[in-house]
Amino acid sequence: MVKILDDEILLSIQNISKKFPGTQALDNVSFKVKKGEVHALVGENGAGKSTLVNIIAGVVHKDLGHLIFNGKEVNIQSVQQAKRVGIKVVFQELSLVPNLSVAENIYGSSYNMESIQIMNLNSIDEKAKDLIQKFNINPKKTVKELGIAEQQIVEIAGALVNNCSLIIFDEPSASLTVSEIEILFDMIKLLKKNGLTVIYISHKIEEIFQICDRVTILKDGKYIDTKEIKNTNEREIVNLMVGRELKNMFPERGESGKKLLLSVKNINGNKFKNISFELYSGEILGFTGLTGAGRTELLRAVFGIDPFQSGEIRIKGKKVNLNNPYESMKNGIGFLPEDRKQDGVFLDMDIKENIIVANLKANSNTITMNRKKSEKNTIDMVKKIGIKIGNIYDKAISLSGGNQQKLLIARWLLADPQILIVDEPTRGIDVGAKQEVYFILRDLANHGIGIIFISSELLEILGLADRVIAMYHGKITGDLPIEKITEEKIGELIMGL
């Protein structure tokens with residue numbers, strides 16, 4: 001007999017288990033979520049957070065266990081059913097229709113596809129305005145005109161219209177600026193004030209302590225503990241997540257080489273102006289700045305993905321024309337993009353194919369692929385980088401976020417680059433995987449590779465970079481060795497002061 005919840009509990013997760021081929025994603029997980037609280041759910045990549053959320057949302061079906069919601073057992077089979085019950089998940093990939101207005105997106109799910117064409121837009125605009133006026137969003141704007149934080153607010157407003165009482169956020173701040181995160185937190189506070197319950201998933205431990213009341217930790221598919229935020233600290237949560245005390249988050253710095261690898265002189269592009277900088281062997285050169293500063297656009301141009309209008313690039317003193325990524329790869333440059341799922345990892349290809357794709361010549365005999373050679377190279381890279389896999393022929397989508405990022409590093413390491421550009425390499429991965437990425441990048445630098453490291457996280461820049469370049473509105477505002485950098489100095493530089 002399943003125990004019915006008391007009046008304080010909105011959701012009771014009881015003995016939930018889920019197994020995928022080769023993986024026990026959840027193993028007898030149980031905990032409770034109170035009404036009107038902001039409840040954090042944390043754990044390393046592969047801990048089972050996403051699987052649990054997908055079960056609650058009806059995307060994935062549980063093998064065993066019970067979900068008790070508002071005092072009744074529910075067996076949710078679809079996203080639509082979850083919404084009818086009163087549960088809404090705001091995934092990283094939002095479910096809005098870009099070409100429809102804010103109001104149409106908010107109220108569209110309350111209408112069928114035929115009636116949506118004849119809705120009284122003036123009427124629903126007024127209703128939508130009541131929900132979103134606090135955040136100054138025009139209900140007549142199309143969704144594609146909004147920023148990510150504003151789009152999240154629109155999705156939340158749609159959930160409120162459908163009378164949801166539990167809203168789950170899955171890494172909501174991963175792509176947000178500092179100001180957008182403030183908007184998101186204001187919205188969550190408003191939800192809580194109005195009696196709604198929030199489950200908040202994030203790898204950013206500092207956010208948990210800013211916005212949440214309690215935190216539940218998962219590890220390897222198992223429930224570890226639930227803590228009151230006021231009675232714990234960041235260090236305890238991290239130790240529970242990784243199962244050990246995490247010391248020495250950043251590796252010791254090595255000696256940068258004197259060999260000039262890359263020289264960029266006076267290049268101009270759509271989002272950057274008159275940029276010049278140099279990169280030396282064995283150096284980790286950090287690029288930082290607010291969203292819109294032009295960091296990503298600049299380095300996409302250096303790698304040949306996007307064109308630049310004027311200026312020159314030299315590698316080892318020789319002028320080169322990097323008109324496309326192929327030319328950059330021939331000249332010894334590798335590139336890990338900011339959005340690994342969209343632009344980096346081929347999710348439906350297997351692990352071996354993903355690793356060898358940047359250096360097919362080394363894995364083939366003239367025109368045909370050498371199976372033994374490609375398998376050996378893949379296995380060697382998997383071991384060298386420490387990628388946790390089942391089989392090299394498993395699909396890349398089966399890997400956790402941290403292991404997908406390490407897969408990309410393995411891909412470029414096999415291509416033997418002299419220069420490696422990494423754009424936000426720890427975004428969306430857990431604290432343990434972050435530490436592994438830091439040590440891998442430092443090891444590459446210690447072997448003479450020049451690393452260009454883009455990050456929005458100040459602690460990463462201070463902990464890993466040998467030299468820091470700050471950008472503001474497409475211009476370099478500072479280029480300083482790490483010993484001359486402080487948090488205050490970086491803050492001034494990225495604000496253009």
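Read-outs throughout are calculated quantities, based only on the coordinates presented, and are distinct from any laboratory measurement. Because the structure is predicted, anything quoted here is derived from the model rather than measured. Cβ: placed from backbone, ideal geometry, glycine included. Neighbour counts: every protein chain shown.
Summary of packing: across the peptides 391-399, 211-219, the per-residue average of other C-beta atoms within 10 Å ranks them, highest first, as 211-219, 391-399. Restricting attention to the chain, close to 55% of DSSP beta bridges with both partner residues there are antiparallel. Modelled spin-label separation between residue 252 and residue 492, with each label point placed 7 Å from Cα along the Cα-to-Cβ direction: 3.2 nm.
Measuring r between the beta carbons of residue 163 and residue 220 and using R0 = 51 Å, the FRET efficiency lands at 0.90. For residue 372, the lysines whose Cα comes closer than 30 Å to its Cα, not counting residues fewer than 8 places off in the same chain, are 330, 341, 352, 361, 383, 384, 388, 395, 406.
Entry note, the chain: the mean residue ellipticity at 222 nm calculated from DSSP H runs of n ≥ 4, each adding -39500 (n - 2.57), is -9500 deg cm²/dmol after division by the residues and rounding to the nearest 500.
If you plug the beta carbon distance of residue 259 and residue 194 into 1/(1 + (r/R0)^6) with R0 = 60 Å, you get a FRET efficiency near 0.50. Going by neighbour counts of Cβ atoms within 10 Å, the residues 253, 427 line up, fewest first, as 253, 427.
Rounded to two decimals, what is the ratio between the C-alpha radius of gyration of region 322-362 and 2.2 N^0.38 Å?
Region 322-362 yields a ratio of 1.24.
Here the contact order of the chain, divided by its residue count and restricted to Cα pairs under 8 Å and six or more residues apart, works out to 15 percent.
I'm checking a number: the convex hull volume of the Cα atoms of region 260-494, normalised per residue, in Å³. What is it?
Normalising the Cα hull of region 260-494 by residue number yields 118 Å³.
Pairs of Cα atoms nearer than 8 Å and 6+ residues apart set the relative contact order; for region 9-242 it is 29 percent.
Taking label points 7 Å from Cα along the Cα-to-Cβ direction, residue 326 and residue 370 give a separation of 2.3 nm.
Output the pairs from 192/219; 49/227; 35/219; 271/434; 83/230 with a Cα-Cα distance over 20 Å in this structure; if there are none, say none. Those over the limit are 192/219; 35/219; 271/434; 83/230. Exposure proxy ranking for 456, 17, based on other Cβ atoms within 10 angstrom of each Cβ and starting from the fewest, stands as 17, 456. Among 473, 39, the ranking by other beta carbons within 10 Å of each residue's beta carbon, starting with the fewest, stands as 473, 39. The slack between residue 348 and residue 291, meaning 0.36 nm per residue of separation minus the straight C-alpha distance, is 17.5 nm. Net charge in the neighbourhood of residue 487 (other residues with Cβ under 15 Å of its Cβ; Lys, Arg +1, Asp, Glu -1) is -4.
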